[in-house]
1. Can you give me the solvent accessible area of residue 172 with a 1.4 Å probe, rounded to the nearest 10 Å²?
2. Let me cross-check residue 10: its accessible surface, 1.4 Å probe, with only protein heavy atoms counted, in Å² to the nearest 10?
3. How much of the accessible area of the range 128-225, probe 1.4 Å, is carbon plus sulfur, in whole percent?
4. Give me the angle, in degrees from 0 to 90, between the Cα long axis of helix 145-166 and the longest principal axis of the Cα atoms of the chain, rounded to the nearest 10.
5. Name the residue, out of 213, 101, 205, whose mean-square fluctuation peaks in a Gaussian network model built on the chain with Cα pairs under 10 Å.
6. Run the quick spin-label model on residue 23 and residue 179: label points 7 Å from Cα toward the beta carbon, then report their separation in nm to one decimal.
7. Post the alpha-carbon centroid distance, the range 42-60 to the range 62-85, in whole angstrom.
8. Quick one: helix 105-133 against the long Cα principal axis of the chain, what's the angle to the nearest 10°, folded into 0 to 90?
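The values are calculated or read from the model by the stated rules, or taken from the named source; none is laboratory data. Treat the numbers as computed from the prediction; the structure is a model and nothing was measured. Heads up, the Cβs are rebuilt from the backbone with ideal geometry, glycines too, and the neighbour counts pull from every protein chain shown. SASA here: full protein model, heavy atoms, side chains in, ligands and nucleic acids out. Shrake-Rupley method; radii C 1.70, N 1.55, O 1.52, S 1.80 Å.
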Amino acid sequence: MHHLPIVSLRFLAIWRRNLLVWRKLMLPSIMGNFGEPLLYLLALGYGFGRLVGDIGELPYIMFLASGIICSSAMNTSSFEALYSAYTRMTVQRTWGAMLDAPLNVDDVALGEISWAATKALISSTAILVVASVLGLVGGWQAILVLPVILLTGFCFGACAMVITAVSRSYDFFLYYFTLVMTPMLLLSGVFFPLDQLPDLVATGAFLLPLAHAVEIVRPLMLGGYPDNVLLHLAVLAVYGIGAFWVATLILRRRLMS
């Protein structure tokens, strides 16, 4: 039992520290998180959408918008928990200074993951606002997307923290993006319906968390309600909590040795 993470409100000090630093670079950071997903939405939605036509009775750009919100949450939280967290751990040695304060490794890991989830929420909220302005939101239920995105950001931030914990250089992150993130992005219903895939591939997609985020967010964006919502939320939570636990185990061994 002593290997389980010790959760304390002390993580808020790390979260607040990162927020204060981010405020100094807020504008370029938002533009960076916001620009690429918006480009995907407009280029693929309006451009590629003319070739694809409708998905059932749904215009392709409306189908794509919900997927882009989920993929943005995944990418934003992953980048933060990989590159930014690794920089603070090794290059700037900010984590070492934190551990000299009355904080432990679990506080630092939870603070970093929570901050990654917050950045995912910020970037996805910006895209949701643009989608609303473009008329791609079907009803008030879209506001319920926000807590789902926060959980999704926590999930992917925790998974990325495991990679950060074992990495010895920035180059190692390329394997994670190439072998895990990119296949998951392409096979989780972001760009096309999962029922268009072979049954084995579609079943495999539901073993990964992004497909479950899309299954919740897409109906909400269209003004409806998702099916099996507790199952989808549980998968995201299990991935997030499990990855947080693994990350703390590895980081304790690495930072306290």
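1. 80
2. So the heavy atoms of residue 10 present about 100 Å² to solvent.
3. Here carbon and sulfur together make up 73 percent of the probe-accessible area.
4. Roughly 50 degrees between the two axes.
5. Sorting by GNM fluctuation, first place goes to 101.
6. So the label points at residue 23 and residue 179 sit 4.1 nm apart.
7. If we compute the Cα centre of each part, the gap is 21 Å.
8. 20
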